[in-house]
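Remarks on the structure that follows.
The values are calculated or read from the model by the stated rules, or taken from the named source; none is laboratory data. Please read all numbers here as calculations on a predicted model, not as lab measurements. Every residue, glycine as well, gets a Cβ built from its backbone with ideal geometry; the counts of neighbours run over all protein chains shown. Surface areas here come from the heavy atoms of the whole protein model, side chains and all, with no ligands, DNA or RNA. Shrake-Rupley method; radii C 1.70, N 1.55, O 1.52, S 1.80 Å.
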Amino acid sequence: MKRYFVLAFLICLTFITQAQTSPIRVIMIGAHPDDCDQDGGGTAILLSKLGYAVKFVSVTNGDAGHQEIGGGMLAKRRLAEAKEAGKRFGVEYDVLDNHDGELIPSLDVRLQVIRKIREWNADIVIAPRPNDYHPDHRYTGVLVQDAAYMVAVPNVVPHVPPLKKNPVFLYFQDFFQRPNPFRPDIAVDISAVFLQKIHALDAHESQVYEWLPWIGGYLDQVPKEIAKREQWLATNRTIRITPEVRTSLEKWYGKEHAAQVQHAEGFEICEYGNQPSEADIRKMFPMLKKK
Ligand SMILES: [Zn+2]
């Protein structure tokens, strides 16, 4: 009898320990294979190094954004690039099979998004705000907002268990001013992993060295020599640190450290989903430390 009691006690202890040590689960959702990478890649590297489970999801398959190829061939290339980038970031990378440039916030895609958030059992969901020049970015923002409550409703997508706890929803940083500018509630110093982020972005060859330079009118600036590309990419893909982001860095890291930060990623807390306190945020993002 005593032996059974000890056994039961040990089983309980294992469960408790597992619950305490199970990693925080983060899902970043972007419109295209390279969006999460650009907007949250540095933070993803830092979290993945802490043992967090991080997933990137691209809601479209990227089959439109290129000047020379398109359709299935391009979608396949984008998927291969995303998988390689995922390895370099230390995250899982999923690409949903919706057409690029044609995304609308339909019920079908909303259910796809709900399924992804639930299957990942996410504690934190990060997505764009619904104000953006690109309709796919805008509607990805709407789709994730539309999922923010439904992830906990059992009769919606009934075959995938609902989340027991509503996650914290965050927005990626953007520079749009209307209807209201981005508010950096959280700012993460990514200086130490910036070059790793660039190395991971380098995997998106068809985007960062072909499509974006072509549509941006600077294709002639892309170095012909492969060895020089990442160095060029580092100058091309830097996110400007706004005064608001600098102020947020001061709050989280202290003034002295904030003044030295070279590269940062900002996030805004969405008013849907779980509302974290400052202590919750420090727990979820342990790299935010006064230095
Ligand atoms: Zn995009």
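Assorted remarks:
- Acute angle (nearest 10 degrees) that the helix 243-253 long axis makes with the longest principal axis of the chain, alpha-carbon atoms: 30 degrees
- Per-residue SASA entry for Val91, accessible area with 1.4 Å probe, Å² rounded to 10: 20 Å²
- Most to least accessible of Phe89, Phe175 (protein chains only, probe 1.4 Å): Phe175, Phe89
- Net charge, Ala85 excluded, C-beta distance under 9 Å - Lys, Arg +1, Asp, Glu -1: -2
- Cα long-axis angle, helix 71-89 against the chain (0 to 90 degrees, to the nearest 10): 60 degrees
- Charge context of Met287, other residues only, Cβ under 10 angstrom, K/R +1, D/E -1: +2
- Accessible area per residue for the chain, computed on protein heavy atoms with a 1.4 Å probe, is 51 Å².
- Structure-based [θ]222 nm, the chain - -39500 (n - 2.57) summed over DSSP H runs of at least 4, per residue, nearest 500: -13500 deg cm²/dmol
- Thr247 accessible area, 1.4 Å probe, all protein chains in place, Å² to nearest 10: 80 Å²
- Among the GluC sites (Glu not before Pro) found in segment 51-88, those both in a DSSP coil and sparsely packed, with 10 or fewer other Cβ atoms within 10 Å of their Cβ, are Glu68.
- Whole-Å semi-axes of the chain's equivalent ellipsoid (Cα gyration tensor): 33, 24, 20
- DSSP beta bridge pairing in segment 155-291, given as percent antiparallel to the nearest 5: 100 percent
- Between Lys291 and Ser106, the contour length at 0.36 nm per residue exceeds the Cα-Cα span by 62.0 nm.
- For Met28, net neighbour charge (Lys/Arg +1, Asp/Glu -1) across residues whose Cβ lies under 10 Å away: -2
- Charged side chains reduced to their Cβ positions (Lys and Arg at +1, Asp and Glu at -1) give the chain a dipole of some 1400 debye around its Cα centre.
- For GluC sites (Glu not before Pro), the sites in segment 192-291 that DSSP calls loop and that have at most 11 other Cβ atoms within 10 Å are Glu225.
- Residues in segment 175-189 carry Karplus couplings, in order, of 10, 7, 9, 10, x, 8, x, 4, 10, x, 5, 10, 9, 10, 6 Hz; the curve used is 6.51 cos²θ - 1.76 cosθ + 1.60 with θ = phi - 60°, and Gly or Pro positions show x.
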